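Notes for the one structure printed next.
The values are calculated or read from the model by the stated rules, or taken from the named source; none is laboratory data. These figures come from a predicted structure and were not determined experimentally. As a convention, Cβ positions derive from the backbone with ideal geometry for all residues, glycine included, and neighbour counts pool all protein chains shown.
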Amino acid sequence: MKLRYLLFLSFPLLAADLVEIERMTWPEIKKAIHEQGKNTVLVYNGGTEQRGPHTAAGGHNLIARATGIAIAQKLGNALAAPVIPFSPNQANPELPGTIGVSPALYAALNEEVAEQLIKNGFKNVVLMGDHGGGQKDLQQTAARLDAKYSAQGIRVVYCSDVYGKANTEFFAWLDKNGYPASAHAGIPDTSEMLYLGGDDGWVRKDLVATALGDPVRKPGEARDPNAKRINNGISGDARRSSAELGKRFIDLKVDLAAKQIQQLLAATK
């Protein structure tokens, strides 16, 4: 998958190989939808936020773009819309780099993008996100649009497994295999970025060996007021991140997402 992704970035491809709408001409898009059966479109939301001192702020977008391409290719009947680069979040002057939007704006943006894609001729729109914030908004937006358009034979669905199930399974695998706990800017996303863009400046490789942040807290757990905070944007220990782990995680996301999307679209309304 990495080779295919790098080809998209570096070399011109035949029209038959393209799945990214922003790299296609309108005749190519029209042919893909109406003659090649690619009537499903993926709307993958990324995000721009600080990711510790060792990884670039656009990591969610890098991951979403590459993963979206791979999912579209695996499905065979899908194209990938441009990645939406903002998510529900809040900027922090102490750790600059985050550009967040409100949940209401996020939902409205996804709704308008989905409806524009429907007007373009797509019969199936899949909403998905690489950032934890906004998952509920995507789910609710998809449900609302699906109710609006399903009578016309058009489906709008939310793919949850590419984020929720994939993270649950991968974190469990890391724990079982003795990796330290981490969350934001930790092992999973640092490893993905090493795999996808480690040779292109997305990761400060010389800083990975020192990528240790604040202790990971369990959901709902209060921060220990006596614990010394590093406050560098990392949650947990990312020092054992690797490109090999990144490939494992990306492959898991692609497999789970493709399977769920097929199931969702096969279900009758």
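Tabulated data
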quantity	calculated
Some residue of segment 114-122 being in contact (Cβ under 8 Å) with a residue 40 or more places away in the chain and either in a strand (DSSP E or B) or charged (D, E, K, R) (or both)	no
Qualifying residue in segment 189-196 (condition: among the aromatic types (Phe, Trp, Tyr), over 30 Å from residue 156 (Cβ atoms) and in a loop (DSSP other than H, G, I, E, B))	no
From the options 199, 255, residue that is acidic (Asp, Glu) and either assigned to a helix (DSSP H, G or I) or surrounded by 18 or more Cβ atoms within 10 Å (Cβ to Cβ) (or both)	255
Hits in segment 171-211 (condition: within 20 Å of the chain's Cα centre (by Cα) and among the small types (Gly, Ala, Ser))	172, 182, 183, 185, 186, 191, 197, 198, 201
Residue ID - nearest to residue 260 (Cα to Cα), chosen from residues in segment 180-190 that are in contact (Cβ under 8 Å) with a residue 60 or more places away in the chain and surrounded by fewer than 22 Cβ atoms within 10 Å (Cβ to Cβ)	184
Output for segment 233-252, where each listed residue is in contact with a strand residue (DSSP E or B) (Cβ under 8 Å, 6 or more places away or on another chain) and either assigned to a loop (DSSP other than H, G, I, E, B) or basic (Lys, Arg) (or both)	233, 234, 238, 239
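Table: residues versus (1) of a type in the set (Gly, Ala, Ser); (2) outside any helix (DSSP H, G or I); (3) closer than 16 Å to residue 64 by Cα; (4) at pLDDT 95 or above.
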| position | (1), (2), (3), (4) |
| --- | --- |
| 82 | no, yes, yes, yes |
| 92 | no, yes, no, yes |
| 126 | no, yes, yes, yes |
| 136 | no, no, no, yes |
| 162 | no, yes, yes, yes |
